[in-house]
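Reviewing the structure listed below.
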Amino acid sequence: MPLLSYKETLNLKLNSIPVLYLKKLALILDKSVKGTSSDIIKSLLESETNQETIDKFIKEIYFEMIQKRKSFISDEELKNELLKVSNFSWGVVQGQLDQKIQTEYVRKIVKYDELLKKVKDKLHNEITNYTICTWYNHWTTVL
């Protein structure tokens, strides 16, 4: 028995498609749908939608995205850029950067010069590390 039903699987696939492409898919499937991505997905889920057509469409979208990315950086060049990362240290818990700034800097430090010094000495490195880690995760996923 599969983990997800047909509709659940279809919903996941449709939710992976950006809204502009969803509109294009709706046209391909002869569905005149307007509104948000949720409206389009709901309409496609309620109709008899062929998963093979959606699978083919998704593959075409991602092939197009890969070709576009390759037009400005090849796989080999991208790998070489990723290999430049020598230290993978988040520095900040993912998703909690604003909270950290508020609790450890904004609400704690009362002197302006001390704030600037701490930001330069510590926060700058943490933000740099965080940015490098998210960049690395993004581009390894793209690759």
### Message
Tell me whether the range 47-54 contains one or more residues that are modelled with pLDDT of 85 or more, exposed (fewer than 15 other Cβ atoms within 10 Å of the Cβ) and not aromatic (Phe, Trp, Tyr).
### Response
yes
### Message
Given the condition surrounded by 10 or more Cβ atoms within 10 Å (Cβ to Cβ), at pLDDT 90 or above and out of contact with any Ser or Thr (no Cβ under 7 Å at 6 or more places or on another chain), answer yes or no: does some residue in the range 84-98 qualify?
### Response
yes
### Task
Could you list all residues from the range 1-40 that are touching a residue at least 12 places away in the same chain (Cβ under 8 Å), polar (S, T, N, Q) and assigned to a loop (DSSP other than H, G, I, E, B)?
Ser16, Thr36
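A quick yes/no check of all residues on (1) modelled with pLDDT of 85 or more; (2) over 23 Å from Thr9 (Cβ atoms); (3) loosely packed, with under 15 Cβ neighbours inside 10 Å:
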{"site": "Asp30", "(1), (2), (3)": "no, no, yes"}
{"site": "Lys34", "(1), (2), (3)": "no, yes, yes"}
{"site": "Ile41", "(1), (2), (3)": "yes, no, no"}
{"site": "Arg69", "(1), (2), (3)": "yes, yes, no"}
{"site": "Asp75", "(1), (2), (3)": "yes, yes, yes"}
{"site": "Tyr112", "(1), (2), (3)": "yes, yes, yes"}
{"site": "Asn125", "(1), (2), (3)": "yes, yes, yes"}
{"site": "Trp139", "(1), (2), (3)": "yes, yes, no"}
{"site": "Leu143", "(1), (2), (3)": "yes, yes, yes"}
## Note on the structure
Subset of the range 27-40, residues over 14 Å from Ile58 (Cβ atoms) and not acidic (Asp, Glu), comes to Leu27, Lys31, Ser32, Val33, Lys34, Gly35, Thr36, Ser37, Ser38, Ile40
### Pairs, first within 12 Å of Ile132 (Cα to Cα) in the range 82-105, second at pLDDT 85 or above and among the basic types (Lys, Arg), C-beta under 9 Å, six or more apart
Val92/Lys100
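The values are calculated or read from the model by the stated rules, or taken from the named source; none is laboratory data. Everything numeric in this text was worked out from a predicted model, so none of it was measured. Because the Cβ atoms are built from the backbone with ideal geometry, glycine has one as well, and the counts that use them run over all protein chains shown.
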